[in-house]
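As structure tokens, the structure follows; a few thoughts come after it.
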Amino acid sequence: MIWHRPIRIEFNHCDPAGIVFYPRYFEMTNSVAENFFREVAGLPYEVMMAGGNGVPLAQVTAEFHAPSRLGEVLDWQLSIERIGRASITCHIEAHHLDQRGAGSHRLTAGLTLVYVDGSGQSHPWPEDVRARIIAFQEKP
């Protein structure tokens, strides 16, 4: 299953040439993950943090395919590659669709997040969260 989130490229994402400054892509991948946890896993970041938990990034990979420009809307796509006892690996792609519907692949990223408690130690996923992520992963 693939979860989608559109993000418009704004001025704050861009360098003086009007293209996305590459660290901003990492902010956008974090936004995609955060909203996935809110909307699909049922575990908003503010709820995790209020309980002294979080999902820090343990590993990230990125491949930049083409520049993105101010005003474009990117279709961010997240799928789950693996869910472990206390971690999750997400595959994320960003695509731009022009007015004709032709696509342009902009970014491929891999994120591994680890569920931790307030001391920073890994902690097993809550069973209900794990079940929702697995159900999402198994949807046709």
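Scanning segment 126-140 for residues that are farther than 14 Å from ALA86 by Cα, surrounded by fewer than 17 Cβ atoms within 10 Å (Cβ to Cβ) and touching a residue at least 60 places away in the same chain (Cβ under 8 Å) yields a count of 4.
None of ALA86, ALA131, ALA109, ALA135 is under 30 Å from GLU10 (Cα atoms) and small (Gly, Ala, Ser) except ALA109. Residue count for segment 1-16, restricted to those that are in a strand (DSSP E or B), in contact with a helix residue (DSSP H, G or I) (Cβ under 8 Å, 6 or more places away or on another chain) and not hydrophobic (A, V, I, L, M, F, W, C): 1.
Among residues of segment 65-90 being open to solvent by 50 Å² or more (accessible area, probe 1.4 Å) and not in a loop (DSSP other than H, G, I, E, B), the one that is farthest from ALA135 (Cα to Cα) is ARG69. Within segment 1-25, the residues that satisfy the criterion of being open to solvent by 80 Å² or more (accessible area, probe 1.4 Å), under 16 Å from the mean Cα position of the chain (by Cα) and either over 19 Å from VAL73 (Cβ atoms) or not aliphatic (A, V, I, L, M) (or both) are MET1, HIS4, PRO6, ARG8, TYR22.
Here the condition is being within 29 Å of VAL129 (Cβ to Cβ) and not in a helix (DSSP H, G or I); of VAL32, VAL40, VAL47, VAL60, it holds for VAL60 alone. Please specify each residue of segment 97-125 satisfying the condition of being farther than 22 Å from GLN77 by Cα and surrounded by 19 or more Cβ atoms within 10 Å (Cβ to Cβ). Across segment 97-125, the qualifying residues are VAL116, TRP125. Any residue that is within 21 Å of ILE2 (Cβ to Cβ) and either of a type in the set (Ser, Thr, Tyr) or touching a Pro at 6+ places or on another chain (Cβ under 6 Å) (or both) - is there at least one of those in segment 51-71? Yes, segment 51-71 contains at least one residue that is within 21 Å of ILE2 (Cβ to Cβ) and either of a type in the set (Ser, Thr, Tyr) or touching a Pro at 6+ places or on another chain (Cβ under 6 Å) (or both).
Taking residues in segment 107-124 that are among the aromatic types (Phe, Trp, Tyr), and partners anywhere that are open to solvent by 30 Å² or more (accessible area, probe 1.4 Å), the pairs with Cβ atoms closer than 8 Å and at least 6 places apart or on different chains are TYR115/ASN53; TYR115/SER122; TYR115/HIS123; TYR115/PRO124.
May I ask you to verify whether ALA50 is open to solvent by 30 Å² or more (accessible area, probe 1.4 Å), out of contact with any Asp or Glu (no Cβ under 7 Å at 6 or more places or on another chain) and hydrophobic (A, V, I, L, M, F, W, C)? Taking the combined requirement at face value, the residue satisfies it. Beta carbons closer than 7 Å, at least 6 apart along the sequence or on distinct chains, pair a first residue in segment 54-75 that is over 14 Å from SER104 (Cα atoms) with a second that is part of a loop (DSSP other than H, G, I, E, B) and of a type in the set (A, V, I, L, M) for LEU70/ILE9; GLY71/ILE9.
The values are calculated or read from the model by the stated rules, or taken from the named source; none is laboratory data. Note that the structure is predicted; figures quoted are calculated from it, not measured. Please note: Cβ atoms are built from the backbone with ideal geometry, for glycine as well, and neighbour counts cover all protein chains shown. Note: areas computed on protein heavy atoms with side chains; ligands, DNA, RNA excluded. Shrake-Rupley method; radii C 1.70, N 1.55, O 1.52, S 1.80 Å.
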